[in-house]
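Chemist: Below are the structure tokens for one structure; questions will follow.
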Amino acid sequence: MTGAGESGARRLVVVVGSVNVDLVVETDRLPGPGETVLGRSFARHHGGKSANQAVAAARAGSPVRMVGCVGDDAFGREARAALVDEGIDTHGILVCDAPTGVAVIAVAPDGENQIVVAPGANGRLRTEDVEGADLSGAVLLVTGLEIPMEAVVAAARRAATAGIQAVVNVAPAVPLPEELLAAGPILVLNEHELGQVAGRGEPDEALASLVERTGSAVVVTRGAQGALLAIGDERHPEPGMPADAVVDTTGAGDAFIGAFAAWLAAGATLQGAIRAGVAAGSLAVGRAGARAGMPHRDELLAKLAATGPEMPAPG
């Protein structure tokens with residue numbers, strides 16, 4: 001692949017997945033099992049891992065089309081309007097007979113969090129909805145596991161049939177069916193999710209098992225330590241980048257995937273796209289709210305310029 005942006009083309013990313021509203025409580029510490037703690041403040045944000053990734057990709061410089069489901073309620077209308085405000089094509093977002101999805105998030109002072117999601121309308125996205133989605137002009141499809149697995153498999157298969165690279169965010173972690181892996185998507189997951197999906201104790205063994213099963217690239221995000229690209233027997237670590245502050249880690253993974261997708265769609269190598277994702281994650285943790293922390297293109301370019309060799313960008 002060529003470096004991102006070398007042709008100057010803006011190449012479409014299609015995101016198939018969840019649209020939520022985040023209800024966030026800041027607290028002095030996260031509760032243990034069965035424990036109640038008092039929070040310090042409450043805020044409502046737009047969310048959903050896939051919608052956040054769509055915003056991150058759009059802010060990074062890619063044209064983005066979103067496919068998903070929301071409810072016929074105020075949350076759903078506000079969620080769609082917020083995506084439109086980000087310049088995202090929302091014609092693929094359906095109105096379903098269920099409430100818009102909600103995530104309840106507790107955030108500690110060090111930025112760590114606990115999240116519980118009520119999928120709502122996200123659970124109504126059907127295989128036929130994905131099969132009928134508009135992929136015209138797309139060069140990359142991104143999907144995640146906050147929608148039914150049947151829809152995830154349909155998205156990966158649809159991408160493979162259309163000659164479009166698929167990226168699957170393995171979150172929340174669940175067993176991955178062979179029909180999904182057979183479509184050859186790039187898998188992106190964190191170290192905790194890797195252990196859950198691969199079912200092996202040692203991280204190296206778990207990663208080798210997953211790479212063998214998928215036959216494609218696997219990207220493991222490692223928080224402040226950066227990320228790791230695995231292709232066959234090869235392992236390519238990408239070091240972390242310093243964050244100016246750590247306020248809220250909620251959206252860091254979504255920021256990574258959005259920037260990764262934007263750079264990859266524009267023609268970057270996998271390693272170049274991962275570096276952009278690491279930069280995005282390091283910026284995202286400095287602001288409260290999963291989506292508010294998503295960096296814009298100029299911020300990403302400045303971070304990349306300050307932490308390594310110059311790298312072309314999408315847009």
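Chemist: Hey, can you tell me all the residues within the stretch 198-217 that are under 18 Å from Ala155 (Cβ atoms) and either at pLDDT 90 or above or not hydroxyl-bearing (Ser, Thr, Tyr) (or both)?
Modeler: Ser216, Ala217
Chemist: Name every residue in the stretch 163-194 that is under 14 Å from Val142 (Cα atoms) and among the hydrophobic types (A, V, I, L, M, F, W, C), in order of residue number.
Modeler: Matches in the stretch 163-194: Ile164, Ala166, Val167, Val168, Val170, Ala171, Leu180, Ala183, Ile186, Leu187, Val188, Leu189.
Chemist: Working only within the stretch 38-66, note down all residues that are among the hydrophobic types (A, V, I, L, M, F, W, C) and either surrounded by fewer than 24 Cβ atoms within 10 Å (Cβ to Cβ) or over 14 Å from the mean Cα position of the chain (by Cα) (or both).
Modeler: Leu38, Phe42, Ala43
Chemist: Further question: Evaluate the following for Ser62: is it within 23 Å of Ala262 (Cα to Cα) and either touching a helix residue (DSSP H, G or I) at 6+ places or on another chain (Cβ under 8 Å) or hydrophobic (A, V, I, L, M, F, W, C) (or both)?
Modeler: yes
Chemist: In addition: If you scan the stretch 293-307, which residues turn out to be touching a residue at least 40 places away in the same chain (Cβ under 8 Å) and not aliphatic (A, V, I, L, M)?
Modeler: Those that are touching a residue at least 40 places away in the same chain (Cβ under 8 Å) and not aliphatic (A, V, I, L, M): Gly293, Pro295, His296, Arg297, Lys303, Thr307.
Chemist: Take the stretch 248-272 and flag every residue that is surrounded by fewer than 19 Cβ atoms within 10 Å (Cβ to Cβ) and out of contact with any strand residue (DSSP E or B) (no Cβ under 7 Å at 6 or more places or on another chain).
Modeler: Thr269
Chemist: Let me ask you something else. Any idea which of (1) touching a Lys or Arg at 6+ places or on another chain (Cβ under 9 Å); (2) surrounded by 24 or more Cβ atoms within 10 Å (Cβ to Cβ); (3) modelled with pLDDT of 95 or more is the one Glu86 doesn't satisfy?
Modeler: (2)
Chemist: Among the numbered criteria (1) aliphatic (A, V, I, L, M); (2) in contact with an Asp or Glu (Cβ under 9 Å, 6 or more places away or on another chain); (3) surrounded by 24 or more Cβ atoms within 10 Å (Cβ to Cβ), which single criterion is violated by Ala173?
Modeler: (3)
Chemist: What number of residues within the stretch 265-315 are in a loop (DSSP other than H, G, I, E, B) and either within 21 Å of Asn52 (Cα to Cα) or modelled with pLDDT of 90 or more (or both)?
Modeler: Residues in the stretch 265-315 being in a loop (DSSP other than H, G, I, E, B) and either within 21 Å of Asn52 (Cα to Cα) or modelled with pLDDT of 90 or more (or both): 19 in total.
The values are calculated or read from the model by the stated rules, or taken from the named source; none is laboratory data. For clarity, every value in this text was computed on a predicted model and none was experimentally measured. Backbone-built Cβ (ideal geometry, glycine too); neighbour counts: all protein chains shown.
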